[in-house]
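Chemist: Dropping a structure here in structure tokens format, bear with me for questions.
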Amino acid sequence: MTMKALDKKCNIIPIIAKSDTVSKSELDTFKANIMAELKSNDVEIYTFPVDDETVSEVNTEMNEMMPFAVVGSREDVKVGEAVVRGREYPWGVVEIENELHCDFVKLREMLIRTNMEDLREVTHKRHYELYRRGKLKQMGITDDGAHPVSLQETYEQKRTEHLEELQKIENDMRQKFVNKVREKDLELKRNEKELAAKYESLRKENNDEKKTSR
């Protein structure tokens, strides 16, 4: 499920890590099983392009080698008079850059030297395009491809509209606050007048009582 979700977002190149833990015959069977599993689950993996005559032969061969069986190591091991990057076992040494031992060199060549530009183009034209259209759809904008819509321009437009809406809400809240303060101030003034009137009435009544008692 994870790989199926990822195949629309990035280029998937299947590999078998720690391939030195299985025998050659087991590795061939494992490769076939992995490819069959990917195919049965409709997982789209990246395939090296074969339409360019200069690389079609080697890319066809590399496509048939998938998944690549690789071994990793950061240790330098002495083999005879040479020092190589590899993994040392009691029965011998697995050399990382020996094509008879693993597919690391082939994978590196395919990714960095032979097909890097194609990887970039596929990422931009397919994966980014799917991402762009998905984001536009979330914004309620449909892009049929005939008239491409810029995601950056759409984002800036939506951001401006959102900020304007926030400013409008802020202005409305500020005005409501001012109105409430004004209403409260008027209410307080009315109460003050009523209290003053009551005080004056009580004062007059008190004065009249004093005059009557005299």
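Chemist: For the cross-link pairs Lys135/Lys168; Lys8/Lys78; Lys8/Lys158; Lys24/Lys78; Lys31/Lys135, which exceed 32 Å when the distance is taken from alpha carbon to alpha carbon?
Modeler: Check vs 32 Å cut-off fails for Lys8/Lys78; Lys31/Lys135.
Chemist: As an exercise, identify the GluC sites (Glu not before Pro) in the range 18-77 lying in DSSP coil whose Cβ has no more than 12 other Cβ atoms within 10 Å.
Modeler: In loop regions of the range 18-77 (DSSP not H, G, I, E or B), the sparsely surrounded GluC sites (Glu not before Pro) are Glu53, Glu75.
Chemist: Go ahead and estimate [θ] at 222 nm for the chain from helices alone: -39,500 (n - 2.57) per DSSP H run with n ≥ 4, summed, over the residue count, rounded to 500.
Modeler: Computed mean residue ellipticity for the chain: -18500 deg cm²/dmol.
Chemist: Please state the Cα pair-distance histogram of the chain with 10 angstrom bins from zero: what percent is in each bin?
Modeler: Per 10 Å bin, starting at zero, the Cα-Cα P(r) for the chain comes out as 6, 17, 18, 13, 9, 7, 6, 5, 5, 5, 4, 3, 1, 0 percent.
Chemist: Enumerate the amide H contacts of Arg85 below 5 Å, restricted to partners 5 or more residues apart or on another chain; note that Pro and chain-start residues carry no placed amide H.
Modeler: Hits under the 5 Å cutoff: Val77, Ile96, Glu97.
Chemist: Take the Cα of Lys137, step 7 Å along the line toward its Cβ, and report every residue of the range 1-30 whose backbone nitrogen sits under 14 Å from that point.
Modeler: Answer for the range 1-30: 8-9.
Chemist: May I pose another question? Pulled fully out, how much extra length does the chain show between Lys8 and Glu53, if you take 0.36 nm times their separation in residues and subtract their Cα-Cα distance?
Modeler: Using 0.36 nm per residue and subtracting the Cα-Cα distance, I get 13.4 nm.
Chemist: Still on this model: To the nearest 20 debye, what charge dipole does the range 45-95 have about its Cα centre, counting +1 at the Cβ of each Lys and Arg and -1 at the Cβ of each Asp and Glu?
Modeler: For this selection, approximately 460 debye.
Chemist: Using θ = phi - 60° and the Karplus curve 6.51 cos²θ - 1.76 cosθ + 1.60, what whole-Hz ³J(HN,Hα) does each residue of the range 12-22 get, with Gly and Pro shown as x?
Modeler: Each residue's phi maps through the Karplus curve to give 9, 10, x, 9, 10, 7, 6, 5, 7, 8, 10 Hz.
Chemist: Can you compute the modelled spin-label distance between Lys125 and Glu156, with each label point 7 Å from Cα toward Cβ, in nm?
Modeler: According to this spin-label approximation, the distance is 2.8 nm.
Chemist: Nearest 0.05, what FRET efficiency do Glu183 and Asn206 give at R0 = 35 Å with Cβ-Cβ as r?
Modeler: E between Glu183 and Asn206, to the nearest 0.05, is 0.50.
Chemist: Report the gain in length on full extension from Ala82 to Glu99: 0.36 nm times residue separation, minus Cα-Cα distance, nm rounded to one decimal.
Modeler: Gain in length upon complete extension: 4.5 nm.
Chemist: So which trypsin sites (Lys or Arg not before Pro) in the range 41-123 pass both tests, a DSSP loop state and at most 10 other Cβ atoms within 10 Å of the Cβ?
Modeler: Those that pass, being in a loop and sparsely packed, are Arg74.
Chemist: While we're looking at this one, here's another question. Can you tell me how much longer the chain between Met35 and Ile15 gets when fully stretched, taken as 0.36 nm per residue apart minus their C-alpha distance, in nm with one decimal?
Modeler: 6.1 nm
Chemist: Measure up Lys4/Lys106; Lys180/Lys204; Lys18/Lys137 against 30 Å on the Cα-Cα distance and list the ones that go over.
Modeler: Lys180/Lys204; Lys18/Lys137
Chemist: Then there's this: Before anything else, pin down the relative contact order of the chain: Cα pairs under 8 Å, at least 6 apart, normalised by residue count, whole percent.
Modeler: Relative contact order for the chain comes out at 15 percent.
Chemist: Just the number, please: carbon plus sulfur as a percent of the accessible area of the chain, 1.4 Å probe, no ligands or DNA/RNA counted.
Modeler: Roughly 53 percent of what the probe reaches on the chain is carbon or sulfur.
The values are calculated or read from the model by the stated rules, or taken from the named source; none is laboratory data. Being a predicted model, the structure only gives us computed values, none of them experimental. Reconstructed Cβ throughout: ideal geometry from the backbone, glycine too, with neighbour counts over all protein chains shown. Only protein heavy atoms, including side chains, enter the accessible area calculation; ligands, DNA and RNA are left aside. Shrake-Rupley method; radii C 1.70, N 1.55, O 1.52, S 1.80 Å.
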